[in-house]
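Below is one structure; the comments refer to it alone.
A short reminder: the numbers here are calculations on the coordinates, not readings from a lab. This one's a predicted model, so the numbers in the text were calculated from it and none came from an experiment. Backbone-built Cβ (ideal geometry, glycine too); neighbour counts: all protein chains shown.
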Amino acid sequence: MTADAAEILQALDPDQREIAQALRGPVSVLAGAGTGKTRAITHRIAYGVRMGVYDPQRVLAVTFTRKAAGELQGRLRELGADGVRARTFHGAALAQLSHFWPQFVGGDAPQLLPGKVAAISQTVESLGMRLSGETLRDIAAEIEWRKVSMLSLDTYAQQLDQRPALAGVTPEKLIDIQERYTKLLEERRQIDFEDVLVLLSGMLEVEPRAALQVREQYRFFTVDEFQDVSPLQRHVLKLWLGARDDLCVVGDASQTIYSFAGASSSFLLRFGAEYPNAREFRLERNYRSTPPIVVSANRLMREKPGALQLSPMREGGDVVPQFEWFQTEQDEARAVAQAIAQARTRGVPASDIAVLYRTNAQSARIEEALTSQGVPTRVHGAQRFYDRADVRRAILLIRGQAKAGDDRPLFQVVSDMLRVVGWSAKPPEGAAERERWEALNSILSLADEMPPGTTIVQFSEELLARQRAQHEPKMEAVTLSAVHASKGLEWPHVHVVGLSEGIFPISHAQSEHDIEEERRLAYVAFTRARDTLLLSGFASAARVARQPSRFVGEAGVRP
Ligand SMILES: Nc1ncnc2c1ncn2[C@@H]1O[C@H](COP(=O)(O)OP(=O)(O)OP(=O)(O)O)[C@@H](O)[C@H]1O
C-alpha cells in the first residue's frame, strides 16, 4: 500500500474503513445522519484510485442535486481523485443524450424546456380552461411523477383514483392536458427535464452501440442519497451498469423526503434481494451532533422502518434542544432574530447559524427580522453562487487580470477587481444589497485564506476549478433554507421555525404515509445541527389556532 493510500484510510473509523476497502462488486451502505457517509464514499473512491483498482476516468459518482455533485467533486479533488466525475443523474444523462443524438437519431438533440408551467398554461388555454398558478404547478408535479414512475398515460389513467385530486381539473381533463402537453412539446421539438432520462433509457435499450459506449466510459458507480432514487433513475442506472455490478449505493431510509416526487427507499432497503452477492454496511456513529441532539433525533425515528440507531461520538454538549412557543409568527421571527443577534455579539460567526423552515414562503418574515437586527442573511437555494451576475463579472475580471499579469500582493489585486463590480470595504444596509456584498466579500476571504505567495494566476485557476465543481466559498451570513434544500449540510447552530401543527407537518399531509414523510423531513432538519438546536413555533396564523408540532414532543424536546 502506498503511503498516500494508508493516509486516506487513516482518516476513517473502522466501519468507514471497511467500506473504503470494499472496492469491487455491489455494496450498500445504510448510513445515519452525520455518520460520515460522504466521507466514506469519497475516501472509498480516492482509495480505489490510489490503489490502482479504479481508473479515475471510469468512475462516476451520482447525486441528486448539482450542489451535492459540486460538494462531492470538491471533496474528491481535495483527496487527489481528480478526473473522477461527480454528476447528477440528470447532468450525466443530458451529456450522453446530446452526445448520442447526432450519431443515432441525426441532427441536434431537442431543446430542453426551461420549465413546464408556461407550456402547461398554453395547453390549458387551448382547452378553453383557466387555472390558478398553483394548479398549473400541481399539474407539472403530476407530469413529473408519472414520468419518474415510468407510467404510460394509459396506465397512469387507470391509477388516477389513487392520486391527489386537483382543484378544478377532472381526471379526464388531466389526461387530456397531459396528452396535449406531450404533443405541444413534440411540435416544438422540445423535451422536459424528465424526458432526458426517458429518452436516454430508450436509446440505451434500442441502440446496443450507445449502451456499449457508455459502459466503456464508466465502469465503477457510486450513488449517494440512494433512498431518494426514482424508478426512472434506477432504470437508467441499470442500463449504465449492464451485466456488471460494481455499484456502491449509500443512503438513509429516515431521510427519504422526496417520495411525493416518486422516490422510494425500497430500492435501498431491498438492495440485498436484488444483488444477493452484495455486501451491506452500516454507519451509525454520529460525529456531527452533541449527544442530546442525537438522543432527540433517535427518539423522533424510534421504531420506524429502516431507521438506524445513532450513537453519539462527540462528548459533552450539555445544551439540550429547546422549544419556544410564541403567539404569532412575527413574535417568533423577532425572538429568533434577537437570539441570533445576541449570539453574534458573543462572537458566533453568522455562517455558523442556519434557520430552517418547512416552506419557502416562511423565509421573508425571518429575513426581515434579521435584517432589522443588522444580521446578514443568504437565502439558500435562491440563486447559485456562480450564477450571480456580480460573481461572474468578478471572476471574469480576475481571469483577465491574471492573463494581463499583476505582481502586486494577491489581496490587493483581488480587492481592486471586486471594487470594479461594486464591492467596498464597508458593508451596505438592506438585505439584498448586503447579500450581494457578502457574496463578493467571500471571494476576498478566499483570497485571504490562500497560502502566502499565491499569485493571481494561481488564484484565478483555483476559482475556475471551484466554479467547475460548484464549490462555493463560505459567505459570512446566516443561512435561511427550506428543510428540503438543507439535506447534506450542517451548521453549529440550527433554528427550526414554524413547528406548529398545520405548518410542520404541513396541513395537506393527512395520511399516515404523508405524516411519515413530514417526520423524516423534521429528522433531516434536526440532524443538521452540530452544537445547538432551537425549535420554535407559533399559536395563531390567519386566524387559525395552532398546536405545537407533534414532532417536538415526539423528539422529547420540552419548552
Ligand atoms: N471518522 C470520522 N472522524 C471524525 N469526524 C468525522 C468522521 N466521519 C465523519 N465525521 C464528521 O461528521 C460530520 C458528518 O460527516 P458527512 O458530512 O460525511 O456526513 P453524512 O453522513 O454525509 O451526513 P448526512 O447524511 O447527515 O448529510 C462531518 O462534520 C464530518 O467531518
* Structure fact -> To the nearest 0.05, the calculated FRET efficiency linking ARG209 and ALA273 through their beta-carbon distance, R0 being 22 Å, is 0.10
* In whole Å, how far is the Cα centre of segment 126-184 from that of segment 351-402? -> 35 Å
* To do: Indicate the gyration tensor shape class of segment 487-559 (rounded, prolate or oblate), computed on the Cα atoms with a ≥ b ≥ c the square roots of the eigenvalues: a/c under 1.5 is rounded; otherwise a/b larger than b/c is prolate and the rest oblate.
  => oblate
* Whole-number percent relative contact order across the chain, with pairs defined as alpha carbons under 8 Å at least 6 apart -> 18 percent
* Structure fact -> From fewest to most C-beta neighbours within 10 Å, the residues LYS147, LYS173 line up as LYS173, LYS147
* Structure fact -> Output for segment 1-81: trypsin sites (Lys or Arg not before Pro) sitting in coil per DSSP, at most 14 other Cβ within 10 Å, listed by number, reads ARG24
* Asked: Let a ≥ b ≥ c be the square roots of the eigenvalues of the Cα gyration tensor of segment 411-559; is it rounded (a/c under 1.5), or, if not, prolate (a/b larger than b/c) or oblate?
  -> prolate
* Could you work out the relative contact order of segment 111-188, using alpha carbon pairs under 8 angstrom and six or more residues apart, expressed as a whole percent? => 39 percent
* Output ³J(HN,Hα) for segment 205-217: one whole-Hz value per residue in order, computed from phi by the Karplus curve 6.51 cos²θ - 1.76 cosθ + 1.60 with θ = phi - 60°, and x for Gly and Pro. => 6, 8, 10, x, 5, 5, 4, 4, 4, 5, 5, 5, 5
* Structure fact -> Residue by residue through segment 550-559, the couplings from Karplus 6.51 cos²θ - 1.76 cosθ + 1.60 with θ = phi - 60°, in Hz, x for Gly and Pro, are 4, 5, 5, x, 5, 8, x, 8, 10, x
* Asked: Computed FRET efficiency, Cβ-Cβ of ALA404 and LYS426, R0 25 Å: what is it to the nearest 0.05?
  -> 0.30
* Asked: Where both residues lie in the chain, what percent of DSSP beta bridges are antiparallel, nearest 5?
  -> 10 percent
* Structure fact -> Net charge (Lys, Arg +1; Asp, Glu -1) of residues whose beta-carbon lies under 12 Å from that of ARG215, ARG215 excluded, is +3
* To do: Show the residues, 5+ positions off or on another chain, whose built amide H is closer than 5 Å to the amide H of SER500.
  => PHE538, SER549
* To do: Quote the relative contact order of segment 160-266 in percent (integer), defining contacts as alpha-carbon pairs under 8 Å separated by 6+ residues.
  => 25 percent
* Calculated P(r) of segment 111-188 - Cα pairs past 17 Å, % -> 39 percent
* Structure fact -> Among trypsin sites (Lys or Arg not before Pro) in segment 254-291, those in a DSSP loop whose Cβ has at most 14 other Cβ atoms within 10 Å are ARG270
* What is the order of HIS380, HIS508, fewest Cβ neighbours within 10 Å to most? -> HIS508, HIS380
* To do: Note the full-extension length gain between ALA341 and ALA157 as 0.36 nm times their separation in residues minus their Cα-Cα distance, in nm to one decimal.
  => 60.9 nm
* **Likely footprinting exposure, GLU71, GLU501, GLU274, GLU429, fewest C-beta neighbours within 10 Å first** => GLU429, GLU274, GLU501, GLU71
* Among the listed pairs LYS147/LYS304; LYS116/LYS183; LYS238/LYS304; LYS403/LYS426, those beyond 21 Å (Cα-Cα) -> LYS147/LYS304; LYS238/LYS304; LYS403/LYS426
* Using θ = phi - 60° and the Karplus curve 6.51 cos²θ - 1.76 cosθ + 1.60, what whole-Hz ³J(HN,Hα) does each residue of segment 270-285 get, with Gly and Pro shown as x? -> 9, 4, x, 6, 6, 10, x, 8, 5, 9, 10, 10, 10, 10, 10, 7
* **Debye log10 I(q)/I(0) for segment 385-469, one point scatterer per Cα, at q = 0.20 Å⁻¹** => -0.88
* Starting from the Cα gyration tensor of the chain, take the square roots of the eigenvalues, sort them a ≥ b ≥ c, and report rounded, prolate or oblate (rounded when a/c is under 1.5, otherwise prolate if a/b is larger than b/c, else oblate). => rounded
